Amino acid sequence: MPTNLLLSVSLKYWQDFQDTLAKAMDTNIYIFDANANPFSKFSQQVEVCKDVNEGNKVCNEKCIHFYKDVLNSIEDKGIFTCPYGIKLYAFRLGTYAQKIGFLIVTPNGNLAGADVEEVNAFVAKANSIYQTINEVLKAVLEKNLLGLRRLELNCIYEISRLMISTVELDKV
């Protein structure tokens, strides 16, 4: 059984879903495929990343090498610090047997001077994001490979709309 599994997902629908989730959780999300190549764009731009990378894609040599090293060495999940000082939480997506890709979650602010509560809140958000994204990807994979109708690709858009509605209701 192969350890890597390439998943074909509509980037348009996925980026909307990812951006909505990042906005709801006040974080930045970035996805790499199983071969450690960038799949999605940054959900929200981190100032340091904006300065060293062009647009919303990782293109700085230091960043590319850092992400490749981290993603090739990660077993399950871990907290890392990029060459520019940004703390990030990296997760392996998929099941224990199949690697779909990798999830990177960063805070919108810098955690360097943060207290324990802020760090714990970020870790809790990162874990929630991981669970949400991993479940959606597994459902899409199940539908694509097995022909099951549990989740249609355009439903990702509907999930993101529902999340926005929930967040807006919480504000009221």
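The values are calculated or read from the model by the stated rules, or taken from the named source; none is laboratory data. Predicted, not measured: the structure shown is a model, and the values here were computed from it. Surface areas here come from the heavy atoms of the whole protein model, side chains and all, with no ligands, DNA or RNA. Shrake-Rupley method; radii C 1.70, N 1.55, O 1.52, S 1.80 Å.
Would you check the accessible area of E75, probe 1.4 Å, heavy atoms only, in square angstrom rounded to 10?
150 Å²
At 0.36 nm per residue, minus the direct Cα-Cα distance, what do E135 and E118 gain on full extension? Give it in nm, one decimal, please.
3.5 nm
Using 24 Å as the Cα-Cα cut-off, could you pick out the over-long pairs in K23/K57; K12/K62; K87/K138; K57/K87; K62/K138?
Over 24 Å apart, Cα to Cα: K12/K62; K87/K138; K62/K138.
What does the accessible area of K57 come to, in Å² to the nearest 10, when a probe of 1.4 Å is used?
Looks like 80 Å² after rounding.
For L93, which sequence-distant residues (separation of 5 or more, or a different chain) have an amide H within less than 5 Å of its own amide H, given hydrogens modelled in the peptide plane?
I100, G101, F102, L103
If the chain between N35 and S128 were fully stretched, how many nm would it gain, using 0.36 nm times the residue separation less the Cα-Cα distance?
31.1 nm
Could you give the length gained by full extension between D51 and D76, i.e. 0.36 nm per residue of separation minus their alpha carbon distance, to one decimal place?
6.0 nm
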